[in-house]
Amino acid sequence: MTILNMLTKLLKNILSNYLRSTTSTKSEKKATKTQLSNHKSNFDSQEVIEKMNLPELDESDHLGDAAKARYRALEHIKNKEFDEAWKALNEQKEHYLNHAKKNGFTKLQTLALDASAHEDMANILRLEKKHNDALVNILYWVRTSNNRSIQRHENKLRAYFNRCKYKNTNLDEAIQFSKCTRTDFDLRIAQLKVNEWIQREKK
């Protein structure tokens, strides 16, 4: 092979390697650019979503869940499983609170919904012979029942009050208290009133 032929072959190899290297570099740059472009696009979408700050959708059936919890509570009461019944009623109250939040209830509307579970709570305490505590729950239930008094409420209040056997407080006072117009009435205020009646018995 002549020197000319050797030089020609060497030049062809160098040129071929150069072209292959250039093509590969362009492809890598194009792929990198595409990846960066996709990354940028994803980042922008995420940024927009975060800036929208949309509230989470609450699709829970809180009233349905509350009804199921109360059904379990009543079954436990029937079987004299009072601790389990109490837990189920607290679950019911939690579902009611979530429902109230979801639907923008006022404070009075929320209390009325919450207090509806306390009729069953009072019944548990009655069965456990805890009559003072039972009266607290009935007072709360009566007072917060949509701010209206019905005959069933008064009959329940009379029955629970009489079981306490107070000598220094009469039923009329309890009935008047259950009709008070305080807008800040809650379970704590009912507890304070019953404690006041208990202290009277010690005098």
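I'd like to verify a number: residues in the stretch 132-157 that are buried (at least 20 other Cβ atoms within 10 Å of the Cβ) and either aliphatic (A, V, I, L, M) or at pLDDT 95 or above (or both), how many? Looking only at that region, the number is 8. Does ASN90 satisfy the criteria of being assigned to a helix (DSSP H, G or I) and either of a type in the set (Asp, Glu) or under 30 Å from ARG200 (Cα atoms) (or both)? Here the answer is no, as ASN90 does not meet what is asked.
For the stretch 91-146, name all the residues that are of a type outside the set (A, V, I, L, M) and touching a Ser or Thr at 6+ places or on another chain (Cβ under 6 Å).
To start, the set of residues in the stretch 91-146 that are of a type outside the set (A, V, I, L, M) comprises 91-96, 98-99, 101-107, 109-110, 114, 116, 118-120, 123, 126, 128-133, 137, 140-141, 143-146.
Selection gives ARG143 alone.
When the residues of the stretch 58-85 are filtered to those that are of a type in the set (Lys, Arg) and part of a helix (DSSP H, G or I), the one that is farthest from ASN123 (Cα to Cα) is LYS68.
One residue stands out in the stretch 163-187 among those that are surrounded by fewer than 13 Cβ atoms within 10 Å (Cβ to Cβ), polar (S, T, N, Q) and at pLDDT 85 or above: the one that is nearest to the chain's Cα centre (by Cα), namely GLN176.
The values are calculated or read from the model by the stated rules, or taken from the named source; none is laboratory data. The shown structure was predicted, so the numbers you read here are calculated from the model rather than taken from an experiment. Using ideal geometry, Cβ is built from the backbone for each residue, glycine included, and neighbour counts are taken over all protein chains shown.
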